[in-house]
Protein chains: 2
Amino acid sequence: MSVQPDKLFGPRNSVEEVEEGTSLSPRFDANGLIPAVTTDYTSGELLMHGYMNAEAFALTISTGEAHYFSRSRQTIWHKGATSGLVQRVRECLIDDDQDCVWLRVDVTGGASCHVGYRSCFYRKMPVGVEQDGPVVLEFTESEKVFDPVEVYGDAPNPTQL
Amino acid sequence: MSVQPDKLFGPRNSVEEVEEGTSLSPRFDANGLIPAVTTDYTSGELLMHGYMNAEAFALTISTGEAHYFSRSRQTIWHKGATSGLVQRVRECLIDDDQDCVWLRVDVTGGASCHVGYRSCFYRKMPVGVEQDGPVVLEFTESEKVFDPVEVYGDAPNPTQL
């Protein structure tokens, strides 16, 4: 599907209009990206945090399926195109200054994380207690939903050190 | 409170350790920042999307109250220090490649947005329908929780065009 982001997005004329108006006028950063926060529509769980460029954002709006911009591969990334774990967007919101997008989605297959877990956020840390050494993480998911080797084969791991 | 981030955060030695290990080894970007996604612990609602530097992250862990780094003011930002709308962190998670933090919080006073709404994400857009012109936003919150002029006075608005 071809999209024309210029037709969908309005100009950013004033703070009042951006914050209190009804025109979608997103702010992309110096790299042309806007962060996207993706939560499960039913459970509210945070599934992932990604980025969209203007084209990915326009594709998400037009198709109703989450599209991101892969920073490691520098390309549009239709989530689920490889894994089948498509994210169907039930609701799409934008924040006060329009520099962040919230996608509330249903996920085919129930997983969103390339490591194989349901959510990318599968480890938590202690808070509000004095730490006098390295913070130790605790896993919140005990089993993977899928085997990443079966799904992605030998595709390069997107995690960068 | 003084904190020593170097003592809390481990090195990023391998992809496997970062993704599957129990050491907190966050990745800060070229500006020394990591994005933080903040949701309401009870409702699951996305309240805001901010950034933390190493010190703000360490302060959040140590105090159990959300601290961010204000990009517009270039300073540590103890959320609620001005408005009283402190965010008490009930759970803090990190993602697979450890370049994003998820804060699940209780908010004193029930609002997190400088415009006065409960959430910064108070407008939604249509998705999955053909758009042949500018996208029109619809408000999802009808009333402000507080009057920003009363709370912030004439402090400069953080929204940038």
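Based on what the data block shows, is B:GLY128 free of Cβ contacts under 8 Å to residues at least 12 places away in the same chain and either more than 7 Å from chain A (Cβ to nearest Cβ) or of a type outside the set (D, E, K, R) (or both)?
Taking the combined requirement at face value, the residue satisfies it.
Can you name the residue in the stretch A:47-62 that is surrounded by fewer than 24 Cβ atoms within 10 Å (Cβ to Cβ) and closer than 9 Å to A:ILE34 by Cβ and is also farthest from the chain's Cα centre (by Cα) among such residues?
A:ALA54
Would it be correct to say that B:GLY110 is at the interface with chain A (Cβ under 7 Å from one of its Cβ atoms), of a type in the set (Gly, Ala, Ser) and under 21 Å from A:GLY44 (Cα atoms)?
no
I need every pair where a residue in the stretch B:59-75 that is of a type in the set (Lys, Arg) has its Cβ under 9 Å from the Cβ of a residue that is surrounded by 17 or more Cβ atoms within 10 Å (Cβ to Cβ), sequence separation at least 6 or different chains.
Correct list of pairs: B:ARG71/B:LEU33; B:ARG71/B:GLY50; B:ARG71/B:TYR51.
Could you figure out which of (1) more than 20 Å from B:ARG123 (Cβ to Cβ); (2) under 13 Å from the mean Cα position of the chain (by Cα); (3) buried (at least 16 other Cβ atoms within 10 Å of the Cβ) isn't true of A:ALA36?
(1)
Which residues, taken from the stretch B:86-111, are farther than 17 Å from A:PRO126 by Cα and either modelled with pLDDT of 90 or more or touching an Asp or Glu at 6+ places or on another chain (Cβ under 8 Å) (or both)?
Of everything in the stretch B:86-111, those that are farther than 17 Å from A:PRO126 by Cα and either modelled with pLDDT of 90 or more or touching an Asp or Glu at 6+ places or on another chain (Cβ under 8 Å) (or both) turn out to be B:VAL86, B:ASP96, B:ASP97, B:ASP99, B:VAL107.
For the stretch B:25-44, which positions are touching an Asp or Glu at 6+ places or on another chain (Cβ under 6 Å) and over 16 Å from B:ARG12 (Cα atoms)?
Matches in the stretch B:25-44: B:TYR41 only.
Among the numbered conditions (1) more than 10 Å from chain B (Cβ to nearest Cβ); (2) among the β-branched types (Val, Ile, Thr); (3) touching a helix residue (DSSP H, G or I) at 6+ places or on another chain (Cβ under 6 Å), tell me where A:VAL149 comes up short.
Here A:VAL149 clears every test but (3).
Out of all the residues in the stretch A:96-119, which are open to solvent by 10 Å² or more (accessible area, probe 1.4 Å), touching a residue at least 40 places away in the same chain (Cβ under 8 Å) and farther than 30 Å from B:PRO158 by Cα?
A:ASP106, A:VAL107, A:HIS114, A:ARG118
Looking at the stretch A:115-125, which of the residues that are at the interface with chain B (Cβ under 7 Å from one of its Cβ atoms) and either basic (Lys, Arg) or in contact with a Phe, Trp or Tyr (Cβ under 7 Å, 6 or more places away or on another chain) (or both) is farthest from B:GLY64 (Cα to Cα)?
A:PHE121
Let's see how each residue does on (1) open to solvent by less than 30 Å² (accessible area, probe 1.4 Å); (2) touching a His at 6+ places or on another chain (Cβ under 7 Å); (3) under 27 Å from A:PRO158 (Cα atoms):
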site: B:VAL15; (1), (2), (3): no, no, yes
site: B:PRO26; (1), (2), (3): yes, no, yes
site: B:THR42; (1), (2), (3): no, no, no
site: B:ALA66; (1), (2), (3): yes, no, no
site: B:PHE69; (1), (2), (3): no, no, yes
site: B:ARG73; (1), (2), (3): no, no, no
site: B:GLN87; (1), (2), (3): yes, no, no
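The values are calculated or read from the model by the stated rules, or taken from the named source; none is laboratory data. The shown structure was predicted, so the numbers you read here are calculated from the model rather than taken from an experiment. So basically every Cβ, Gly included, is an ideal-geometry build from the backbone, and we count neighbours across all protein chains shown. Protein only, heavy atoms only, side chains kept; ligands, DNA and RNA dropped before computing areas. Shrake-Rupley method; radii C 1.70, N 1.55, O 1.52, S 1.80 Å.
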